[in-house]
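The values are calculated or read from the model by the stated rules, or taken from the named source; none is laboratory data. A quick note: this is a predicted structure, and the numbers were derived from the prediction, not measured. As a convention, Cβ positions derive from the backbone with ideal geometry for all residues, glycine included, and neighbour counts pool all protein chains shown.
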Amino acid sequence: MSQFPQQKKTKERKLRRGWTTGACAAAATKAALELLLTGRASDPVTITLPNGSKPTFKLAFKDTGESWARAGIIKDAGDDPDVTNGALIISTVRPGLTGSGLVFKAGH
């Protein structure tokens, strides 16, 4: 006989998966680039994560101008939310000067 009290076994619900701010920003950037290059953005937009998984993100926002495009994803942090849960993550892309390479600018 065990010295420990009997524990009732219950089925625990798995936590609902959420996404990092970086994954949402990557999806928004991919959608904005598609929009700039083709005039259309995939919705939902799929990205490939370093582990090989391919999550999809629903576009919450898109806009274009003369030489730029912008797209946004609402962050879903899942069942382990942080302060950015529900935030609209927006990425704007535009062509740079020839030879300038990629330039990343932090938002506010």
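For (1) without any contact (Cβ under 8 Å) to a residue 60 or more places away in the chain; (2) polar (S, T, N, Q), each residue gets a yes or a no:
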residue: Thr64; (1), (2): yes, yes
residue: Ala69; (1), (2): yes, no
residue: Gly72; (1), (2): yes, no
residue: Ala77; (1), (2): yes, no
residue: Pro81; (1), (2): no, no
residue: Val93; (1), (2): no, no
residue: Gly96; (1), (2): yes, no
residue: Ser100; (1), (2): yes, yes
residue: Val103; (1), (2): yes, no
Among the candidates Ala28, Ala41, Ala71, which residue alone is of a type in the set (A, V, I, L, M) and out of contact with any helix residue (DSSP H, G or I) (no Cβ under 6 Å at 6 or more places or on another chain)? Ala28
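Residue-by-condition table, conditions (1) modelled with pLDDT of 95 or more; (2) farther than 24 Å from Asp43 by Cβ; (3) assigned to a loop (DSSP other than H, G, I, E, B):
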residue: Ala71; (1), (2), (3): yes, no, no
residue: Gly78; (1), (2), (3): no, no, yes
residue: Thr92; (1), (2), (3): yes, no, no
residue: Gly96; (1), (2), (3): no, yes, yes
residue: Ser100; (1), (2), (3): no, yes, yes
residue: His108; (1), (2), (3): no, yes, yes
Based on this model, can you work out whether Asn85 counts as within 30 Å of Glu12 (Cα to Cα), over 14 Å from the mean Cα position of the chain (by Cα) and not charged (D, E, K, R)? no
Assuming Asp80 fulfils every condition listed in (1) surrounded by 11 or more Cβ atoms within 10 Å (Cβ to Cβ); (2) in contact with a Leu (Cβ under 8 Å, 6 or more places away or on another chain) apart from one, which condition is it? (1)
Candidate set from the range 30-50 (those that are surrounded by fewer than 14 Cβ atoms within 10 Å (Cβ to Cβ) and in a loop (DSSP other than H, G, I, E, B)); member that is farthest from the chain's Cα centre (by Cα): Gly39
Select from the range 51-69 the residues that are within 10 Å of the chain's Cα centre (by Cα) and assigned to a strand (DSSP E or B) and list them in ascending order. Thr56, Phe57, Leu59
